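What follows is calculated from the coordinates using simple rules that are stated; it is not laboratory data. These figures come from a predicted structure and were not determined experimentally. Every residue, glycine among them, receives a Cβ derived from its backbone with ideal geometry; neighbour counts consider all protein chains shown.
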Amino acid sequence: MKERYVPIRPGIEDHLIRGTISFFEFGIYVTVHLQANYSTGIWQGSAPRLLATGPRGANLRQIQRALEHLESLGYLKSFR
């Protein structure tokens with residue numbers, strides 16, 4: 001079996017160090033990448049799906065805000 005490689009965008013560590021994104025948002029970013037289709041890079045999910053697989057203690061609004069913030073930084077793209 002071939003090992004999967006999940007690309008994490010270079011430079012995200014700088015955002016973590018500067019405080020532009022939180023560790024919670026980084027966790028959301030990594031979770032989205034792990035759940036994305038490996039061949040296309042497309043994730044067909046939602047905030048409720050992340051809530052079910054995400055950290056305990058998070059609420060739906062926190063996840064929605066994290067997704068919006070990651071999109072505004074250009075780390076994620078969404079198509080509505």
**Complete:** In this structure, the FRET efficiency calculated for Thr40 and Arg18 from their beta-carbon separation, with R0 = 41 Å, to the nearest 0.05, is 0.85
**Prompt:** What is the dipole size for the chain, taken about its Cα centre, with +1 at each Lys and Arg Cβ and -1 at each Asp and Glu Cβ, in debye to the nearest 20?
**Reply:** 240
**Request:** Please give the contour-minus-distance gain from Phe79 to Val30: 0.36 nm per residue of separation, less the Cα-Cα distance, rounded to one decimal in nm.
**Result:** 15.7 nm
**For the range 75-80, 3J(HN,Hα) per residue [Karplus equation, 6.51 cos²θ - 1.76 cosθ + 1.60, θ = phi - 60°, Hz, x = Gly/Pro]** = 7, 10, 10, 10, 10, 9
**Item:** Gaussian network model of the chain, Cα within-10 Å springs - most flexible of Arg18, Arg49, Arg61
**Value:** Arg18
**Fill in**
Along the range 34-41, Karplus-curve 3J(HN,Hα) (6.51, -1.76, 1.60; θ = phi - 60°) to the nearest Hz, with x for Gly and Pro, reads 5, 8, 6, 5, 5, 6, 9, x
